[in-house]
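Trainee: Here you go, one structure.
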Amino acid sequence: MGFSQVKNIEEILSPKGTGNIFLEELQLGISLKNVTIVVSFDEKYGDIVFNFPKNEVLKDERCGNKFRLKRLVHYLVNLKKDYDIPKIIIGYEPATDDDTFLLEINDEATNYDKEIEKIIRIFNA
């Protein structure tokens with residue numbers, strides 16, 4: 001399979017558009033394999049969506065799942081702070097729907113450990 005090189009991402013996505021990036025591996029506090037990043041913009045706002053297989057975070061080991069999810073959430077909390085991102089949503093696609101939403105990282109004080117416990121219980125049920 002041949003790949004072409006992108007010279008100017010702004011030109012591709014302006015004034016509005018969507019682009020996909022596939023990464024064999026991405027480090028987000030934990031190593032995630034087979035990640036597709038969807039970058040989507042209108043004239044004013046944009047979304048960046050990371051899609052990856054569920055088993056990259058939630059594997060068969062019960063204790064390891066909690067540790068991996070905590071590392072991922074911790075990394076995303078810091079990313080949000082460092083880059084002034086309004087909110088980060090974790091869930092199945094579409095993550096914003098009530099039945100596929102798992103966790104929101106925003107400016108409110110949240111006990112993420114408690115939220116992670118809920119997610120672990122959902123997947124262990």
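The values are calculated or read from the model by the stated rules, or taken from the named source; none is laboratory data. Keep in mind that this is a model prediction, so the values were computed, not measured. Every residue, glycine as well, gets a Cβ built from its backbone with ideal geometry; the counts of neighbours run over all protein chains shown. In case anyone asks, the SASA skips ligands and DNA or RNA and just uses the protein heavy atoms, side chains included. Shrake-Rupley method; radii C 1.70, N 1.55, O 1.52, S 1.80 Å.
Trainee: Condition test on Leu79, is it at pLDDT 90 or above and either in a loop (DSSP other than H, G, I, E, B) or surrounded by 15 or more Cβ atoms within 10 Å (Cβ to Cβ) (or both)?
Mentor: Working: at pLDDT 90 or above: yes; either in a loop (DSSP other than H, G, I, E, B) or surrounded by 15 or more Cβ atoms within 10 Å (Cβ to Cβ) (or both): no.
So Leu79 does not fit the description; no.
Trainee: Can we say Leu58 is out of contact with any strand residue (DSSP E or B) (no Cβ under 9 Å at 6 or more places or on another chain), outside any helix (DSSP H, G or I) and open to solvent by less than 100 Å² (accessible area, probe 1.4 Å)?
Mentor: On the way: out of contact with any strand residue (DSSP E or B) (no Cβ under 9 Å at 6 or more places or on another chain): yes; outside any helix (DSSP H, G or I): yes; open to solvent by less than 100 Å² (accessible area, probe 1.4 Å): yes.
Judged against the criteria, Leu58 is a match.
Trainee: Out of Asp84, Asp47, Asp97, I need the residue that is over 22 Å from Arg121 (Cα atoms) and either in a loop (DSSP other than H, G, I, E, B) or modelled with pLDDT of 90 or more (or both). Which one?
Mentor: Numbers: Asp47 fails: either in a loop (DSSP other than H, G, I, E, B) or modelled with pLDDT of 90 or more (or both); Asp97 fails: over 22 Å from Arg121 (Cα atoms).
After applying the criteria, what remains is Asp84.
Trainee: Does segment 79-97 include one or more residues that are polar (S, T, N, Q) and under 25 Å from Glu24 (Cα atoms)?
Mentor: At the first step, the residues of segment 79-97 found to be polar (S, T, N, Q) are 96.
Among the residues that remain, those that are also under 25 Å from Glu24 (Cα atoms) are: none.
Within segment 79-97 (the criterion being polar (S, T, N, Q) and under 25 Å from Glu24 (Cα atoms)), the answer is no, since none of the residues qualifies.
Trainee: In segment 34-44, which residue that is open to solvent by 50 Å² or more (accessible area, probe 1.4 Å) and under 18 Å from Tyr83 (Cβ atoms) is modelled with the lowest pLDDT?
Mentor: Lys44
Trainee: A further question follows. Are any residues in segment 100-110 open to solvent by less than 90 Å² (accessible area, probe 1.4 Å) and either aromatic (Phe, Trp, Tyr) or part of a loop (DSSP other than H, G, I, E, B) (or both), and if so, which ones? Let's see the steps before the verdict.
Mentor: Our first condition is that a residue be open to solvent by less than 90 Å² (accessible area, probe 1.4 Å); within segment 100-110, this holds for 100-106, 110.
Scanning segment 100-110 gives Thr100, Phe101, Asn106, Thr110.
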